[in-house]
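Enquirer: One structure coming up, written as structure tokens, with questions to follow.
The values are calculated or read from the model by the stated rules, or taken from the named source; none is laboratory data. Given the structure is predicted, the values throughout are model-derived calculations rather than measurements. In this analysis, Cβ positions are derived from the backbone assuming ideal geometry, glycine residues included, and neighbour counts consider all displayed protein chains.
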Amino acid sequence: MTSSFSLNTLKPQPGSRRRKLRKGRGIAAGQGASCGFGMRGQKSRSGRPVRPGFEGGQMPLYRRIPKLKHFELVNPVYYTVINVGRLADLSAGSTVTMDSLVKDGLVTSPKYPLKVLGSGDLSVKLNVQAAAFTVGARAKIEAAGGSCEVTD
């Protein structure tokens with residue numbers, strides 16, 4: 001496909017680029033003397049405009065409304081948490097679930113899904129079934145020879 005133009009012959013469409021309006025060049029020029037800013041007042045002075053949000057000394061809107069520190073999560077995810085160090089007292093080779101933790105008395109209120117955190121040391125091999133694991137917890141469980149299984 002051949003094009004009928006080359007880069008050295010490109011120019012804008014007729015009427016697409018208007019000349020810059022030269023202000024303050026006499027009455028006959030259309031924008032002479034006050035250049036369209038009117039006679040007097042704050043908005044006619046040099047150094048304008050006033051800063052965004054300025055309301056002439058009235059308390060501006062951005063200072064009248066309450067300061068929102070944070071927006072709460074719409075659907076927060078809650079977990080029943082337990083640290084790896086609390087699992088060290090369990091017998092080797094056992095399967096750790098929410099039900100077994102309640103039975104052993106390590107979890108007293110199993111309201112939410114189980115999440116295992118990485119604080120503490122673990123030396124026994126365990127098969128842990130939980131909804132979530134931290135990276136440190138997963139590393140400690142697998143380093144002790146155990147396994148991590150994510151459940152819903």
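Enquirer: Looking at the stretch 56-106 only, could you name the residues that are part of a loop (DSSP other than H, G, I, E, B) and either in contact with a Cys (Cβ under 9 Å, 6 or more places away or on another chain) or β-branched (Val, Ile, Thr) (or both)?
Expert: Selection gives Ile65, Val74, Val77, Thr97.
Enquirer: For Ile65, only one of the following conditions fails: (1) surrounded by 10 or more Cβ atoms within 10 Å (Cβ to Cβ); (2) at pLDDT below 90; (3) of a type in the set (A, V, I, L, M, F, W, C). What is its number?
Expert: (1)
Enquirer: Tell me which residues, restricted to the stretch 14-53, are among the small types (Gly, Ala, Ser), closer than 30 Å to Arg64 by Cα and in a loop (DSSP other than H, G, I, E, B).
Expert: Taking the stretch 14-53 as the starting set, the residues that turn out to be among the small types (Gly, Ala, Ser) are 15-16, 24, 26, 28-30, 32-34, 36, 38, 41, 44, 46-47, 53.
Right, trim to closer than 30 Å to Arg64 by Cα and you get 41, 44, 46-47, 53.
Matches in the stretch 14-53: Gly41, Ser46, Gly47, Gly53.
Enquirer: Tell me yes or no: at least one residue of the stretch 2-12 is free of Cβ contacts under 8 Å to residues at least 12 places away in the same chain, closer than 30 Å to Gly145 by Cβ and not in a loop (DSSP other than H, G, I, E, B). First the steps, then the outcome.
Expert: Step one: filter the stretch 2-12 for residues free of Cβ contacts under 8 Å to residues at least 12 places away in the same chain, giving 2-12.
Those left that are additionally closer than 30 Å to Gly145 by Cβ: none.
No, because not a single residue in the stretch 2-12 is free of Cβ contacts under 8 Å to residues at least 12 places away in the same chain, closer than 30 Å to Gly145 by Cβ and not in a loop (DSSP other than H, G, I, E, B).
Enquirer: Val84 - would you say it is on the phi < 0 side of the Ramachandran plot, loosely packed, with under 15 Cβ neighbours inside 10 Å and at pLDDT 95 or above?
Expert: Judged against the criteria, Val84 is not a match.
Enquirer: Hey, another quick one. Within the stretch 100-111, does at least one residue satisfy the condition of being under 21 Å from Pro76 (Cα atoms), under 31 Å from the mean Cα position of the chain (by Cα) and modelled with pLDDT of 95 or more?
Expert: no
Enquirer: Can you find even one residue in the stretch 43-50 that is over 30 Å from Leu126 (Cα atoms), β-branched (Val, Ile, Thr) and touching a helix residue (DSSP H, G or I) at 6+ places or on another chain (Cβ under 7 Å)?
Expert: Scanning the stretch 43-50, I find at least one residue that is over 30 Å from Leu126 (Cα atoms), β-branched (Val, Ile, Thr) and touching a helix residue (DSSP H, G or I) at 6+ places or on another chain (Cβ under 7 Å), so the answer is yes.
Enquirer: Among the numbered criteria (1) in contact with a strand residue (DSSP E or B) (Cβ under 6 Å, 6 or more places away or on another chain); (2) free of Cβ contacts under 8 Å to residues at least 40 places away in the same chain, which single criterion is violated by Lys111?
Expert: (1)
Enquirer: Here's a follow-up. So, of the residues in the stretch 128-152 that are in a helix (DSSP H, G or I), among the charged types (D, E, K, R) and free of Cβ contacts under 8 Å to residues at least 40 places away in the same chain, which turns out to be surrounded by the fewest Cβ atoms within 10 Å (Cβ to Cβ)?
Expert: So the first thing to find is which residues in the stretch 128-152 are in a helix (DSSP H, G or I), and the list is 135-143.
Retained after the next criterion (residues that are among the charged types (D, E, K, R)): 138, 140, 142.
Narrowing the set further to residues that are free of Cβ contacts under 8 Å to residues at least 40 places away in the same chain leaves 138, 142.
On the way: Arg138: 20, Glu142: 15.
Filtering first and then ranking leaves Glu142.
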